[in-house]
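The values are calculated or read from the model by the stated rules, or taken from the named source; none is laboratory data. Worth saying up front: this structure is predicted, and the values here are computed from it rather than measured. Cβ placement follows ideal geometry from the backbone for every residue including glycine, while neighbour counts extend to all protein chains displayed. Heavy atoms of the whole protein, side chains included, go into the accessibility calculation; ligands, DNA and RNA do not. Shrake-Rupley method; radii C 1.70, N 1.55, O 1.52, S 1.80 Å.
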Amino acid sequence: MTKTVINSDKAPAAIGTYSQAIKAGNTVYMSGQIPLDPKTMELVEGFEAQTVQVFENLKAVAEAAGGSFKDIVKLNIFLTDLGHFAKVNEVMGRYFEQPYPARAAIGVAALPKGAQVEMDAILVLE
């Protein structure tokens, strides 16, 4: 199996020992994105702004892989406060159309750099 590293300068650089995404065959496994502004590498402020930034970061990596949000088959959402779930749904509706990807929303105690939200995804490219 050949693995190809996917990288976008429109998404935050990796802050650890991982790649933004790995393509294996026609499947792209995207690493978790937190709401870092790729230009400053600083967290954006406010929950809605953080959620938008995460989707923008995921979008940049998906496009670098040759795909789009239409190719996402699985989305995982990690939240430090599940009370924000309705806002995530609202923002997600701006980025996705039916058929929506399979999804999990997981409450966690903490996220890197104090982020309130993180997401990762799996794309299947045709």
Worksheet item: Carbon-plus-sulfur fraction of the accessible area of the stretch 55-100, 1.4 Å probe, in percent?
Response: 50
Worksheet item: Quick one, which of (i) 6.9; (ii) 7.5; (iii) 13.0 is the actual mean projected area of the Cα convex hull in nm² calculated for this model?
Response: (ii)
Fill in: Loop-resident sites, the stretch 67-124, for GluC sites (Glu not before Pro), counting at most 11 other Cβ within 10 Å (DSSP)
E97
Worksheet, complete the sentence: Expressed in nanometres to one decimal, the distance between label points 7 Å along Cα→Cβ at I15 and I106 is 1.9
Worksheet entry | trypsin sites (Lys or Arg not before Pro) restricted to the stretch 1-81 and DSSP loop, no more than 10 other C-beta within 10 Å | K39
Worksheet item: Count of lysine pairs in the chain with Cα atoms under 23 Å apart, counting only pairs 8 or more residues apart in sequence or on different chains?
Response: 22
Worksheet entry | Loop-resident sites, the stretch 4-48, for GluC sites (Glu not before Pro), counting at most 13 other Cβ within 10 Å (DSSP) | E42, E45
